[in-house]
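Below is one structure; the comments refer to it alone.
The values are calculated or read from the model by the stated rules, or taken from the named source; none is laboratory data. As the structure is a prediction and not an experimental result, all values here were calculated from the model. So basically every Cβ, Gly included, is an ideal-geometry build from the backbone, and we count neighbours across all protein chains shown.
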Amino acid sequence: MTTVAPEPRRTRASTVTATATENRPATGAVTVPATAIRPHHRVFRVPGVYPVQRDTWLLADVLRAELTDHGCGVDRPCRVLELGAGAGALSVVAAGVPCTEVTAVDLSRRALFSTRINAARHGRRVRTRRGDLTAPVAGERFDVVVSNPPYVPAATDDLPSHGWARAFDGGRDGRAVLDRVCDEAPDVLTEGGRLLVVHSAFNDPALTVARLQTRGLSAEVVARHEHPYGPVLTARSDLLRERGLATADQRTEELVVVRAVRPAA
Ligand SMILES: C[S@@+](CC[C@H](N)C(=O)[O-])C[C@H]1O[C@@H](n2cnc3c(N)ncnc32)[C@H](O)[C@@H]1O
């Protein structure tokens, strides 16, 4: 069992929350510095579950700002759905915002076990459902859908059916699960509901925006953050270079958060 402790030497969460909202230009994305990204809480996970990383906390900052600054505009609890919850770090953040009802979905039993432990440790209520993306919540509607799907470009389009790689392998272009999130999320969003999804510039964020627009949503990149390759991208640096996604000496990746809104009828 592994516990990832909050790293010291980070600026306060409010730094990036403020950056991501108050200082956000009318159009275009905020570029978030490394010093502004920090863990929101301690995270427990059993082996094989995705360890929370920069992409998790970058998305957590945008998610919390979304829930606190924009609210849900409804006179009932704001329903939040996390697709691909892993250890549930994002669900725990959402459940910490007053007046939210949070559901976490993952294929992995270990992930949902970790999610339940983390929710309990932090005194938050998170409903867990095991299954394939939106299938376990078919027929339900959510005000906010949040996802950090597997998006690392892989050698083949065959997605792993189990194990650690299922948390990050996204097919040859890294979009196999990401595209499904774009396609399925609109069906579970309320009118005015919002999707927040993080992925890599290697996946071509313009494709994400275009795909969501074809589903009738307005979409834009709202946050960007460049960070050094971790172990998985380091191991795949040759593959990225061969595909023309990265230069020979490139060792940094840009993360992006896309925000999409389902218009009211
Ligand atoms: C990159 S991890 C993100 C975990 C967590 N949300 C975070 O940000 O730290 C992706 C998660 O998606 C899950 N996953 C992959 N394919 C899925 C699918 N088709 N349906 C549901 N969950 C899936 C994996 O098991 C993994 O826990």
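Scanning the range 166-184 for residues that are in a helix (DSSP H, G or I), more than 10 Å from the ligand (Cβ to nearest atom) and surrounded by fewer than 17 Cβ atoms within 10 Å (Cβ to Cβ) returns a single hit, Asp183. Screening Asp249, Asp187 for residues that are out of contact with any Phe, Trp or Tyr (no Cβ under 9 Å at 6 or more places or on another chain) and either among the polar types (S, T, N, Q) or part of a loop (DSSP other than H, G, I, E, B) (or both) leaves exactly one candidate, Asp249. Among the numbered conditions (1) on the phi > 0 side of the Ramachandran plot; (2) without any contact (Cβ under 8 Å) to a residue 40 or more places away in the chain; (3) not small (Gly, Ala, Ser), the only one that Leu133 does not meet is (2). All of (1) within 11 Å of the ligand (Cβ to nearest atom); (2) of a type in the set (A, V, I, L, M); (3) out of contact with any strand residue (DSSP E or B) (no Cβ under 9 Å at 6 or more places or on another chain) hold for Ala65 with one exception: (1).
Annotation: of all residues in the range 207-251 being under 30 Å from Pro263 (Cα atoms) and of a type in the set (Val, Ile, Thr), the one that is surrounded by the most Cβ atoms within 10 Å (Cβ to Cβ) is Thr208. With the requirement that a residue be among the small types (Gly, Ala, Ser) and near the ligand (Cβ under 10 Å from one of its atoms), what does the range 131-160 give you? Of everything in the range 131-160, those that are among the small types (Gly, Ala, Ser) and near the ligand (Cβ under 10 Å from one of its atoms) turn out to be Gly131, Ala135, Ser147. Do the conditions hold for Ala111, that is, is it surrounded by 24 or more Cβ atoms within 10 Å (Cβ to Cβ) and either near the ligand (Cβ under 10 Å from one of its atoms) or modelled with pLDDT of 95 or more (or both)? Here the answer is yes, as Ala111 does meet what is asked.
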